[in-house]
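The values are calculated or read from the model by the stated rules, or taken from the named source; none is laboratory data. What you see is a predicted model; the values in this text were computed from it and never measured. Every residue, glycine as well, gets a Cβ built from its backbone with ideal geometry; the counts of neighbours run over all protein chains shown.
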Amino acid sequence: MPSESRFSRRGLIAGGAAAFASAAAGRAAEPAAKAAPRTIAPSWPERRRKIERAWLDLLGDFPREVPPLAPVLRQVAVEEGITRYHVSFQSEADDRVTAWLLVPAAARRVRTPAIVCIHSTTFGAGKDSTIGLAGRRPQDPPRDPAIGVASGREYARHGFVTLSLDLLTDGERIRPGDRVMDTRPFYLRHPEWSIVGKNTWDVMRCVDFLQTLDFVDAEQIGCTGWSLGGHSAIFAAAFEPRIKAVLSNGGVLDWHRPTNSWARPDDLQNSPELERRFGFKPNSGPYIYIRKFRPWVADPAKPVPTDFDELMMLVAPRAQLIISSEWEFYSHKLMPKLLTAARVYSEWRDAPGLPSVVDGRKRRRGYDDTLAYYEFNNRLAADRVERDLRQINAGDAFSWFSFPGGHAFPPAARLVAFGWFDRWLGRRPA
């Protein structure tokens with residue numbers, strides 16, 4: 001039975017939101033358009049705190065109290081050399097996260113990087129869809145493997161430990177008497193919070209749990225998701241500095257205010273359009289993402305307090321990959337945001353109080369291979385290689401990839417995703 005480790009979030013947020021903001025501050029450099037010298041702007045840590053505060057004003061602050069995990073693990077099956085466990089652990093005093101933990105056999109021989117996998121919008125299936133046990137509803141058969149929904153299973157087959165959680169209001173986390181994907185009971189309990197903030201907090205607790213497992217490389221944890229899970233993954237990485245690599249696939253990274261999706265009215269019921277698309281009545285209540293964003297939905301001309309380019313900037317200089325279909329790339333207006341965030345990465349400079357990109361590279365598997373190769377083949381000393389690597393800053397740690405077709409995670413995108421996580425989490429065949 002795992003116990004809580006020294007990596008617990010308790011130390012990060014014991015002082016409340018202000019202490020958390022301070023602990024997570026200083027993750028990226030201000031774009032150099034405002035500073036001619038290619039050095040990190042002294043004002044960046046303060047600017048980052050302001051961006052983080054603007055987001056937290058919308059999302060709501062994270063809990064001050066961090067309960068013990070009190071994890072419960074139950075082995076369910078061994079399939080294709082992967083052991084599947086049903087796990088649960090405490091998120092808040094009155095709420096537990098439920099998840100599937102998939103452990104490849106090779107992870108028993110060497111500490112292995114782990115990935116938190118977040119499901120897309122489902123209607124009761126939750127985590128079961130993420131490992132290929134069900135479709136959108138628990139009674140539906142698994143979706144076509146070509147769509148690529150089952151990321152928790154695919155990354156485990158590739159060699160990662162994966163943890164696929166149920167988001168609140170879905171899967172096992174539909175409380176008795178509540179309705180699937182209906183967040184109104186949550187807002188009655190937490191009027192100043194948001195379901196996006198809650199989902200982010202639950203992923204933080206997933207990291208807490210993974211870092212208690214003796215077969216997980218506690219310093220190499222990633223996060224990914226598709227659709228709803230895709231933008232949830234970026235929120236999680238923005239506020240959880242222990243996530244070393246994040247991949248968002250098909251996540252909406254745009255306020256998209258022609259619709260009221262980000263802050264639906266409390267009385268909104270079923271969507272006829274979703275019923276047309278799915279062939280069944282998908283919901284009986286509204287999924288309200290960020291209730292405090294309602295004024296900006298009511299008045300689309302009102303300037304937003306922060307945007308998704310700034311959310312992506314909060315992740316820097318840690319590895320970040322954005323994947324989408326070509327149409328999503330266009331409709332979500334991704335290019336301007338991606339270019340803004342990419343400048344933070346490409347113009348990064350190590351400075352006191354900020355993460356060191358080169359030190360991060362040194363801690364990942366493969367750095368010794370780099371030194372050995374260039375010393376033997378090019379007679380480059382280790383200090384020369386390190387000096388040269390400093391010139392690219394974190395430029396290679398941010399990228400994006402688009403593909404033709406519909407909302408999915410097709411084979412081409414999966415190959416890119418496998419390579420991305422292998423590179424930035426340092427996974428090697430055991």
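Looking at Ile243, Ile131, Ile234, which one is touching a Lys or Arg at 6+ places or on another chain (Cβ under 6 Å) and at negative phi?
Just one listed residue meets the conditions, Ile131.
Looking only at residues that are in contact with a helix residue (DSSP H, G or I) (Cβ under 9 Å, 6 or more places away or on another chain) and at pLDDT below 80 in region 251-263, which one is farthest from Asp299 (Cα to Cα)?
Only one residue fits best here, namely Ser261.
Looking only at region 36-65, how many residues end up being of a type outside the set (Asp, Glu), assigned to a loop (DSSP other than H, G, I, E, B) and modelled with pLDDT of 95 or more?
The number of residues fulfilling the criteria is 3.
Can you tell which of Asp94, Asp128, Asp178 is crowded, with 24+ Cβ neighbours inside 10 Å, more than 17 Å from the chain's Cα centre (by Cα) and of a type outside the set (A, V, I, L, M)?
Exactly one of Asp94, Asp128, Asp178 is crowded, with 24+ Cβ neighbours inside 10 Å, more than 17 Å from the chain's Cα centre (by Cα) and of a type outside the set (A, V, I, L, M), namely Asp128.
Mind checking which residues of region 227-246 are in a helix (DSSP H, G or I) and within 16 Å of Leu334 (Cβ to Cβ)?
Gly230, His231, Ala233, Ile234
What's the total number of residues in region 152-170 that are closer than 26 Å to Asp422 by Cα, assigned to a loop (DSSP other than H, G, I, E, B) and among the acidic types (Asp, Glu)?
Result for region 152-170: 1.
Residue by residue through region 225-274, note down the ones that are within 26 Å of Gly152 (Cα to Cα), surrounded by fewer than 22 Cβ atoms within 10 Å (Cβ to Cβ) and in contact with a Pro (Cβ under 9 Å, 6 or more places away or on another chain).
Once the filter is applied, which keeps residues that are within 26 Å of Gly152 (Cα to Cα), surrounded by fewer than 22 Cβ atoms within 10 Å (Cβ to Cβ) and in contact with a Pro (Cβ under 9 Å, 6 or more places away or on another chain), region 225-274 yields Pro241, Leu274.
Just checking: which of the helices (runs of 4 or more DSSP H) contained wholly in region 344-430 hold 1 or more residues that are surrounded by 14 or more Cβ atoms within 10 Å (Cβ to Cβ) and of a type in the set (Asp, Glu)?
Filter on region 344-430 gives 367-378, 382-390, 411-425.
When you go through (1) modelled with pLDDT under 95; (2) under 27 Å from Pro68 (Cβ atoms) one by one for Thr122, which number turns out not to apply?
Unmet condition: (2).
Of all residues being in contact with a strand residue (DSSP E or B) (Cβ under 8 Å, 6 or more places away or on another chain) and basic (Lys, Arg) in region 79-108, which is nearest to Leu165 (Cα to Cα)? Just the residue, please.
In this case the residue turns out to be Arg96.
Every residue in region 311-343 that is closer than 20 Å to Asp388 by Cα and either among the β-branched types (Val, Ile, Thr) or assigned to a strand (DSSP E or B) (or both), please.
The answer is Ala319, and nothing else.
Count, please, the residues in region 326-350 that happen to be farther than 18 Å from Phe409 by Cβ and either touching a residue at least 12 places away in the same chain (Cβ under 8 Å) or more than 21 Å from the chain's Cα centre (by Cα) (or both).
Final tally of qualifying residues: 16.
Return only the number of the condition from (1) at pLDDT below 95; (2) in contact with a helix residue (DSSP H, G or I) (Cβ under 9 Å, 6 or more places away or on another chain) that Ile174 does not satisfy.
The single condition Ile174 does not satisfy is (2).
List, please: which pairs have Cβ atoms under 6 Å, are six or more places apart or on different chains, and start with a residue in region 378-393 that is in contact (Cβ under 8 Å) with a residue 12 or more places away in the chain and end with one that is in a loop (DSSP other than H, G, I, E, B)?
From region 378-393, the pairs are Asn393/Trp348.
So Pro185 fits all but one of (1) within 17 Å of Asp94 (Cα to Cα); (2) buried (at least 22 other Cβ atoms within 10 Å of the Cβ); what number is the exception?
(2) is the only condition that Pro185 fails.
Test Phe398 against the stated conditions and say whether it is touching a His at 6+ places or on another chain (Cβ under 6 Å), at pLDDT 90 or above and not acidic (Asp, Glu).
no
Among (1) closer than 30 Å to Phe215 by Cβ; (2) at pLDDT below 95; (3) touching a Lys or Arg at 6+ places or on another chain (Cβ under 6 Å), which single condition is His86 missing?
Condition not satisfied by His86: (2).
Does region 210-224 include one or more residues that are surrounded by 24 or more Cβ atoms within 10 Å (Cβ to Cβ) and assigned to a helix (DSSP H, G or I)?
Yes: region 210-224 contains one or more residues that are surrounded by 24 or more Cβ atoms within 10 Å (Cβ to Cβ) and assigned to a helix (DSSP H, G or I).
Which is basic (Lys, Arg), farther than 30 Å from Trp262 by Cα and touching a helix residue (DSSP H, G or I) at 6+ places or on another chain (Cβ under 6 Å), of Arg423, Arg349, Arg361, Arg387?
Arg361
State yes or no: is Val149 surrounded by 18 or more Cβ atoms within 10 Å (Cβ to Cβ), assigned to a loop (DSSP other than H, G, I, E, B) and in contact with a Phe, Trp or Tyr (Cβ under 8 Å, 6 or more places away or on another chain)?
yes
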